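Notes for the one structure printed next.
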């Protein structure tokens, strides 16, 4: 029996079974044997719609559901199980949570009650380098159980209808809407929002192929580790091992300390299983946390793999829009999920509201709700610089040295440079200053990067980098058109607003420096 099997079999709920089921899914993705479902079909027969919006996937779909129901739309929310948050906190920065108050979904008191933990400072540490410390970044732990229950009650009070134990089966696209078949029920609606996540059957039918990259994650929440009010945003204690650079993340939780091990890689068949990554986790955890395994009381096991795609998923059919992780609208450096949904919640709420008002719900009209964002596209170079190919040979400590140099440069440039990047927001000026300073102070490290990432990747990055500069220059000018846009009819106004938001989010303009 492996060390992972020994430890996980002693945790309540026997997470070992779930880990091995997830590993079967991960193996089928690596081997390209995942079946491609056909869950969306088309019909020429019109329907009599009963709903404005049907949301498939309740865990994060409730965020949009509550916001849309509040605006008076007829919303049905379908959840395959019971709509309840997990026991493990969602980590985020405090200012990002303000969107709940801005959208009047939570009061200030309710938002404060949703915060389960808060810690400071957070560390960035790379083997052989100098530690960098930062405050108020991803240092808030939100209680998903309280948050989702509160939003559920708000959703119901606004007139939304929740259908639990109602898993999505299929959808039929008609000339004037779509029918969602779920369990024994059929929901006829003007718009379907797919919030079922990375492994949504609608996404699998649309993508039909391997992801461009994957983040493997394992971890635990446990007691018995040294008490600390500080956390690690990202840390390394080893060079490259088994063609993987292992990264650590750790922070206080309400019932112990949460510690993750993650790595960036592709979906090559020879990549390790999650159980193998967990073996490395338990082998290295005593060194990382300076405590023996015998002193630790493991309470929960956490694991998963998160596929990433170079481009957001554009709508493939009329009246169906992917949102959240289904859309792939997050950088390859983040896990997506709660943080990515929060960042785009106001944008999606306003955009979907306008689309319903103006009846711009066809495939082409929905596409601007998932725009190209050069500030996300440029992060693919960073992802490649933090991973190594299965058959690639590089200096075992190259990734550590590069990251140590980059983050030390950011620290010297100050919080306005460092904080946005740590919150998954890339802006042109901070990026330019960081690259310039790193290139001048560590030219040899930068030169080593080219053979690691490859010339095609670098050329592709340069295109997105130029687009980021263009978006950054154009967005302030475009904002001057807002008074004129308000005079337009609903349909052109909808498209102009989507164009403005594409420039705003694509340049990182949605992040304000006073929000750090």
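Here are the numbers for this structure:
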item	result
Shape of the stretch 117-213, Cα gyration tensor, a/c cut at 1.5	oblate
Cα gyration tensor category, rounded, prolate or oblate, for the stretch 189-275 with a/c compared to 1.5	oblate
Ranked by how many other beta carbons lie within 10 Å on average, peptides 463-470, 276-283 from highest	276-283, 463-470
Proportion of all alpha-carbon pairs of the stretch 207-350 beyond 22 Å (%)	48
Ranked packing of 183-189, 211-217, 441-447, most packed first, by mean Cβ within 10 Å	211-217, 183-189, 441-447
Over the stretch 285-381, relative contact order from alpha-carbon pairs under 8 Å, at least 6 apart, %	31
Ranked list, fewest to most other Cβ atoms within 10 Å of each Cβ, for 362, 437, 419, 227	227, 362, 437, 419
The chain, relative contact order in percent, only Cα pairs under 8 angstrom and at least six apart counted	17
Rounded to 10°, Cα long-axis angle of helix 144-157 versus longest principal axis of the chain	10
Cβ-based exposure ranking for 481, 402, 500, in which fewest neighbours within 10 Å come first	481, 500, 402
The stretch 157-249 - percent relative contact order, Cα under 8 Å, separation 6 or more	12
Stokes-Einstein D (µm²/s) once Rh is taken as the Kirkwood radius of the chain over alpha-carbon pairs, at 4 °C in 1.567 mPa s	54
The chain: angle of helix 490-506 to the longest principal axis, Cα-based, in degrees nearest 10	0
Antiparallel bridge percentage (DSSP; both residues within the chain; nearest 5)	70
Ranked list, fewest to most other Cβ atoms within 10 Å of each Cβ, for 311, 198	311, 198
Residue-averaged [θ]222 nm for the chain, counting only DSSP H segments that reach four residues, each worth -39500 (n - 2.57)	-12500 deg cm²/dmol
Distance between the stretch 65-129 and the stretch 265-291 - C-alpha centres, whole angstrom	29
As computed over the stretch 1-88, the Cα convex hull volume per residue (Å³)	159
On Cα atoms only, tilt of 337-358 relative to the major axis of the chain in degrees	20
Highest to lowest packing among 60-71, 141-152, 12-23, scored as the average C-beta count within 10 Å	60-71, 141-152, 12-23
Global geometry of the stretch 327-467, whether rounded, prolate or oblate, following the gyration tensor of its Cα atoms and the 1.5 cut on a/c	prolate
Label point at residue 412 placed 7 Å out along Cα→Cβ; residues across the stretch 119-138 whose backbone nitrogen lies under 19 Å	124-134
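Values in this text are rule-based calculations from the coordinates and carry no lab data. Predicted model only: the values in this text are computed from it and were never measured. For neighbour counting, all protein chains shown are included, and Cβ atoms are generated from backbone atoms with ideal geometry for every residue, glycine included.
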